[in-house]
Amino acid sequence: MKCLEIIGQLELHSPASYAEEWDNIGLLVGRYDKEVKTMFIALDATDDVIAEAVRLETDMLLTHHPLIFKKMSRVTTDNFIGRRVYELIRNDISYFAMHTNFDVMGMADAAADALFLQERQVLNVTYKDDISKEGCGRTGRLKMRMSIADLAEFVKQKFCVPNVRVFGNLDDTVESVAVMPGSGGAYIKDAINAGVDVMITGDIDHHEGIDAVAQGITVIDAGHYGIEKLFIPYMEEFIRRKIPELTIYKSEKKEPFVVV
């Protein structure tokens, strides 16, 4: 199957029109007419990921976070971005990124599914028409009311993370939830306006966390990679279903840092 045909399937699922204006998605390296028999799926196009894709003689690399984000004036091996792009070109690997368009159509519901959220609504609407509205994050209700301490354990279990950071009182009980994979600081106001008890996110800084508590909302930070690694099994299942003839490889799921 040609790379362009595969892109057609990916963009049917997560249309490019749903991406934020500042984002850089789509085919970032390679050829639309490339014949693709094998695909490697990862969250980020790191040195290790690209080396593994090369070792496996992969035809196409698919990631969530785009490798090329800021404007590039040249491609050389003097910096890590240029070196990675060079390796992709040298090995004829077509490279495609699905970022904020997948956040809208994919990531948010995958995270909400993991938490079994009911009565879901879009947290931050970025697109709407007469029929539907779409956007980042989801709000909903847990199956049962529980303490923050129990919810933290539930989050650890469902996202397979060893720990979470909690801004708030562990003894408080909650039922209504906002989930925002990735960086959630900019969406705290949306969560407050939605009237939820707690926001579960993948990234929150010190001041955003304490400011959220001061405004009456608890925050559980499960880590950026902790939640967004859902991209890998989600897209593996989607591609196996839509393009079963493709051989799929995927990166090992592990945090990009260690806690010591």
Calc'd 3J(HN,Hα), region 48-63, phi into Karplus 6.51 cos²θ - 1.76 cosθ + 1.60 (θ = phi - 60°), Hz, glycine/Pro = x, comes to 5, 5, 5, 4, 5, 4, 5, 4, 7, 6, 6, 7, 9, 10, 10, 10
Residue by residue through region 17-32, the couplings from Karplus 6.51 cos²θ - 1.76 cosθ + 1.60 with θ = phi - 60°, in Hz, x for Gly and Pro, are 5, 7, 6, 5, 4, 7, 7, 10, 10, x, 6, 9, 9, x, 10, 5
Exposure-ranked with fewest Cβ neighbours within 10 Å first, Ser176, Ser251, Ser183, Ser73 stand as Ser73, Ser183, Ser176, Ser251
Computed from the beta carbon distance with a Förster radius of 30 Å, FRET efficiency for Asp205 and Arg31 to the nearest 0.05 stands at 0.15
For region 232-241, Karplus-derived ³J(HN,Hα) couplings (6.51, -1.76, 1.60; θ = phi - 60°; whole Hz; x for glycine and proline) come out as 5, x, 4, 6, 4, 5, 4, 5, 4, 6
Going from the fewest other Cβ atoms within 10 Å to the most, one would list Phe167, Phe257, Phe154 as Phe257, Phe154, Phe167
Dividing the surface of the Cα convex hull of the chain by four yields a projected area in nm² of 15.2 nm²
If Asp129, Asp44 are placed from fewest to most neighbouring beta carbons inside 10 Å, the sequence is Asp129, Asp44
By the mean-Cβ-within-10 Å protection proxy, highest first, 80-92, 227-239 rank as 227-239, 80-92
Scoring only Lys, Arg, Asp and Glu (+1, +1, -1, -1) among other residues with Cβ under 11 Å from the Cβ of Tyr225 yields -1
Counting Lys and Arg as +1 and Asp and Glu as -1 over every other residue whose Cβ sits under 13 Å from the Cβ of Lys37, the net charge comes to -4
Under 5 Å from the placed amide H of Lys2, counting only residues 5+ away or on other chains, we find Val36
Within the under-14-Å Cβ sphere about Ile210, not counting Ile210, Lys/Arg +1 and Asp/Glu -1 give a net charge of -3
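Every number here is computed from the coordinates shown, using simple stated rules; none is lab data. On a predicted model such as this, the values are computed, not experimentally measured, just so you know. Positions of Cβ are backbone-derived with ideal geometry, glycine not excepted, and every protein chain shown enters the neighbour counts.
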